[in-house]
Every structure is written in structure tokens, then in C-alpha cells.
Amino acid sequence: MFPIHRDRRLRTNESIRSLVRETILTPNDFMFPMFIAEGTNVQVEIPSMPGIYRRSIDLTVKEVKELWSLGIKAINIYVKVSDNLKDNTGKEAWNPDGLMQQAIKAIKDAVPEMIVMPDVALDPYSIYGHDGIVENGQIINDATVDALTRMSVSHADAGADFVAPSDMMDGRVLAIRKALEESGHPNVGIMSYSAKYASSFYGPFRDALDSAPKESGVPVPKDKKTYQMDYANRIEAIKEAIHDVEEGADMVMVKPGLAYLDIVREVKDAVNVPVSVFHVSGEYAMVKAAAERGWLDHDKIMIEQLYCIKRAGGSLISTYFAKEAAILLNK
Ligand code: PBG
């Protein structure tokens, strides 16, 4: 007797393995999340994210040119504004001369083909560190959506290719789509963070922007669980993604990445738009920390993780590893 199936034949050597490989990773699969700081010639490394910096616009533009030369075609941008610009309305978010708007303009001037996707959420502008406006200890939905539409239009006015609402308010995709159409931006797209979980994997990101929910004299929720999703749920993720596509999202996102690949696959099967995945700050930090101790092979783990995200159905991966991975893949 011999085994009926000799599945190992297709794994005999690298030639046959490369012929039957189902997933191929390239720098075109990546988006690079970037943190923008005020000032000029500023570059501050985020302690919990080795190799990732908060940079002023001038240095960001330099970096974007380099990313473009490596084959990276999209960036997500986040800003850290000074505390005196924060309040409960988030109105700095739609200041036409705000840090985000200036950054979008400068990047699009320098590298017009780079797809720029600014983050749309109030947390970097909120005295409470919340993604929405707080009233009587609650995050109020509809007034927050109004703020997000203004913010989105101001990003589009500045030259953004896509806006990326990451706030998880209800109805924001439809409201943003309507506002973009009415303000003469029919070609500006929406990449919606549709299935965004209330996750502890965002810790290092909140360090980077100093945006963790905080007490500020008045009682506010200590976490984001009334708008971000419960990590015990899956049906809800599919529902959120379907709603966002119905409301006009061009792409949807699942976030975080690796611990949520089941959701990535299910959302991918449920909607007919590209599904992007955010390989978030905490996932990056874990690999860096283990590699620093010599406990994991950094480059191999990085590439394996990115392949697995793509295999699960992620068409676009937002990852802090984008630059390092592109350098390695281009070799
Ligand atoms: C803010 C936002 C967060 C992230 C992206 N946009 C943090 C949060 O929701 O608290 C997290 C990204 C990361 O951890 O890399 N709306």
C-alpha cells in the first residue's frame, strides 16, 4: 500500500512551491501609517514603536518621497496637535490651515501620485481623547457625524484622495458621501474603518498621539466600548461592513489584524469591495519587542504575518512594517 495522496509532491522544492503559491505579497499591498507633528525639522521616535516617528511636515514629505521610490502607493495620516487646540467639539479638525490640511497639501504637492488617506475621527482634537463629542458622560452620535462630515470635506479640499473614518459612529459614511458630493468632491473615496474593535492593541498608537481617553474634570467613559466593537462578536462585523458599503464606502477595513483574521475572511466573503486590514501598533510593538530580545526572527515573522493577512483576504494592509517589508521584498 502507498498513500493515496502524496500532497508533499507540490512542496518538493522552491521551484514547484513558487509555481503553486496562492498568495504573492508586494509593496502595492501596503499602506503606511504616518504620524505628523507640529513645527519643522522635528522627528521623535515613539518609545513603544521602535523605528516609527512623529515627524513635522517637512521631514514627512522627505519620507513620503522615499516610500514612493520603494513602491508604496498609499499612506494613512494621523496628527498630534497641541493641547491648546483641543476642545470637546473637535473644531480644529476642519480648520483649513490645520496641521492635517497642511500635511495633505504638502504631501500631494511633493508626490502627487501617492494616495493620501487622512484619518477621520475627533480623538486627536478631543480634550477627552474620544472619537466623538461628549455630553452628559456619553459620546453623542449625530452631532459627531456633523463634525466628521466637515472634517472630511476639509480633507478633500486639501487634496486627500480618500477619507478614512475610524470613529465608528452610526451613519457617518452616508453623511460623508453626501457632503463630498455636495462640495464638489465626487471622486474623493471613502475607506471606512467598518469593523473596528475596542482593542488593547491600540496602546502604542495612543502613546504616539497622546490620545488615550482621559478624565478631564467631568465624568467621561474610560474606554471606547460604546462605539468600537466587542471583540467577542463576529456577526456585528459583517453587519457593520454591509451597512458601510450600502452607505457608499469604496473600501472597508477590519482592525486590528492578526487576531481578527477570521473576521477579515468573513467580511471579504460578505461584501464586494476591497477589504483592508489594519495591522495595528500593538501588533508591531510585540514583534519589535520579541525580536529585540532575540526571541523571534524579525524579518521572517514580519513577512509571514503580512502574507497571512493577505491570504485571509486583506487586499490592502495598513502596517507600520510597510517600509521595512518593501525594502525586503524589493531585494
Ligand atoms: C483613532 C484611531 C486609533 C487607531 C487608528 N485610528 C486609536 C483608537 O481608536 O483609539 C489605532 C491604530 C493603531 O493602533 O495602530 N480613531
Note to self: Just checking, does the range 100-116 include any residue being within 17 Å of the chain's Cα centre (by Cα), buried (at least 24 other Cβ atoms within 10 Å of the Cβ) and part of a strand (DSSP E or B)?
What the structure shows: yes
Check: If you check Leu306 against the conditions, is it in a helix (DSSP H, G or I) and either away from the ligand (no atom under 16 Å from the Cβ) or under 27 Å from Glu63 (Cα atoms) (or both)?
Finding: yes
Next item on the list: Scan (1) touching a strand residue (DSSP E or B) at 6+ places or on another chain (Cβ under 9 Å); (2) surrounded by fewer than 16 Cβ atoms within 10 Å (Cβ to Cβ); (3) farther than 19 Å from Leu209 by Cβ; (4) of a type in the set (Gly, Ala, Ser) for the single condition Gly51 breaks and write down its number.
Entry: (3)
Check: Of the residues that make up the range 120-135, is at least one within 11 Å of the ligand (Cβ to nearest atom), touching a residue at least 40 places away in the same chain (Cβ under 8 Å), part of a helix (DSSP H, G or I) and hydrophobic (A, V, I, L, M, F, W, C)?
Finding: no
Next item on the list: Have a look at Pro213, Pro221 and point out the one that is surrounded by 15 or more Cβ atoms within 10 Å (Cβ to Cβ), in contact (Cβ under 8 Å) with a residue 60 or more places away in the chain and over 20 Å from the mean Cα position of the chain (by Cα).
Entry: Pro221
Next item on the list: Give the range 207-229 a look and list any residue that's near the ligand (Cβ under 10 Å from one of its atoms), in contact with a Lys or Arg (Cβ under 7 Å, 6 or more places away or on another chain) and within 20 Å of Glu38 (Cβ to Cβ), or say none.
Entry: Ala208, Leu209, Ala212
Notebook entry, point to check: Mind checking whether some residue in the range 211-219 is in contact with a helix residue (DSSP H, G or I) (Cβ under 7 Å, 6 or more places away or on another chain) and farther than 24 Å from Val81 by Cβ?
Noted result: no
Check: Would the range 157-173 turn up any residue that is among the polar types (S, T, N, Q), away from the ligand (no atom under 16 Å from the Cβ) and modelled with pLDDT of 95 or more?
Finding: no
Check: Which condition does Pro221 not pass, out of (1) at pLDDT 95 or above; (2) touching a strand residue (DSSP E or B) at 6+ places or on another chain (Cβ under 8 Å), if it passes all the others?
Finding: (1)
Next item on the list: Being modelled with pLDDT of 95 or more and of a type in the set (Gly, Ala, Ser) is the filter; apply it to the range 309-330 and report the residue that is farthest from the ligand (Cβ to nearest atom).
Entry: Gly313
Notebook entry, point to check: How many of the residues making up the range 295-331 are within 15 Å of the chain's Cα centre (by Cα), among the small types (Gly, Ala, Ser) and crowded, with 17+ Cβ neighbours inside 10 Å?
Noted result: 3
Note to self: Regarding the range 266-276, can at least one residue be identified that is within 23 Å of Phe35 (Cα to Cα) and either within 13 Å of the ligand (Cβ to nearest atom) or not β-branched (Val, Ile, Thr) (or both)?
What the structure shows: yes
Item checked: Answer from Gly248, Gly189 - the residue that is small (Gly, Ala, Ser) and surrounded by fewer than 19 Cβ atoms within 10 Å (Cβ to Cβ) -> Gly248
Next item on the list: Report whether or not Glu22 is more than 18 Å from Ile327 (Cβ to Cβ), part of a helix (DSSP H, G or I) and modelled with pLDDT of 95 or more.
Entry: no
Note to self: Go through the range 75-99 and report how many residues are surrounded by 18 or more Cβ atoms within 10 Å (Cβ to Cβ) and in a strand (DSSP E or B).
What the structure shows: 5
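The values are calculated or read from the model by the stated rules, or taken from the named source; none is laboratory data. If you're wondering where the values come from, they're calculated on a predicted model, not measured in any experiment. With ideal geometry, Cβ positions are generated from the backbone for all residues, glycine too; neighbour counts draw on all protein chains shown.
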